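This report concerns only the one structure given below.
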């Protein structure tokens, strides 16, 4: 696989960000 | 319970599509493996459009019906749209460096109008924090949300209207939906990723709406508490 660094950076931020937002949302809802 | 099922189905769909995009579908002949970034990049851009479109429609709904549930939908759309716009920009930059040779170019109309879109909706979210009055907040936000949505078609058609670095639509224009400018396996993977992302978006929209409604209820309870306290102080004098 070529350009692994760019692919990892793109997928890491997008899917890591999605996971982080989902967990944050879920925790905020639980606190309400 | 139903929302939880949507969440798990979305999670499974996204996991499957990530595996397909990274390990099953072949690399592009010219772009190499960097082309794999296109799948989440395009899906994120589509959801940015959808989110801000929902925010504008919900804004119209608020102005028309004066029901704060519309404002909660508008808030959910704006916040989630900002996230997907940031993902689209980031994915585009990570693809642009190996394929174009640059992360960013301000002269490109698609890139610049997308950056403007992000700025507009970050502004929308900041504007919402300027007042605690739910009605005033909803009205101001609705107007900004409707006006800012004018940038959505400008972003989408910028590649057709002006010349720039960004390529024209591969499947997202009327003449290319039935005749896409990419092989079938790339198009199917892209459509699969877009559907999986849309499921995630649906789950997040429901949860963010629920949170906005809970916040409104808390604000209302705090307001009633303040009134009761003030009355108690007045009565004790």
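Brief remarks on what is shown
- Relative to the longest principal axis of the Cα atoms of chain B, the long axis of helix B:151-161 makes an angle of roughly 20 degrees.
- Angle between chain B longest axis and helix B:38-65 axis [Cα atoms, degrees, rounded to 10]: 30
- Here the Kirkwood formula, the inverse mean of 1/r across different C-alpha pairs, assigns chain B a hydrodynamic radius of 19.7 Å.
- Label point at residue A:29 placed 7 Å out along Cα→Cβ; residues across segment B:1-17 whose backbone nitrogen lies under 20 Å: B:1-15
- Diffusion coefficient (Stokes-Einstein, Kirkwood radius over C-alpha pairs, 37 °C, 0.692 mPa s) for the protein assembly as shown: 163 µm²/s, rounded to a whole number.
- Take every Cα pair under 8 Å whose residues are at least 6 apart in sequence, average their separation, divide by the length of segment B:38-212, and the relative contact order is 31 percent.
- Using a Förster distance of 22 Å, the FRET efficiency for residue B:228-residue B:135 (Cβ separation, nearest 0.05): 0.55
- Build a GNM of chain B with springs between Cα atoms under 10 Å apart, and of B:12, B:43, B:222 the one that fluctuates most is B:222.
- Packing rank of A:17-24, B:101-108, B:80-87, where each peptide gets the mean count of other beta carbons within 10 Å, highest leading: B:80-87, A:17-24, B:101-108
- Ellipticity at 222 nm from helices only: DSSP H runs of n ≥ 4 in chain B, each -39500 (n - 2.57), divided by the residue count, give -26500 deg cm²/dmol.
- To the nearest ten degrees, helix B:2-19 and the longest principal axis of the Cα atoms of chain B are 20 degrees apart.
Quick note: the coordinates plus some simple rules give every number you see, no bench work behind them. Small disclaimer: the values here were computed from a predicted structure and weren't measured. Note: ideal-geometry Cβ built from the backbone for every residue, glycine included; neighbour counts use all protein chains shown.
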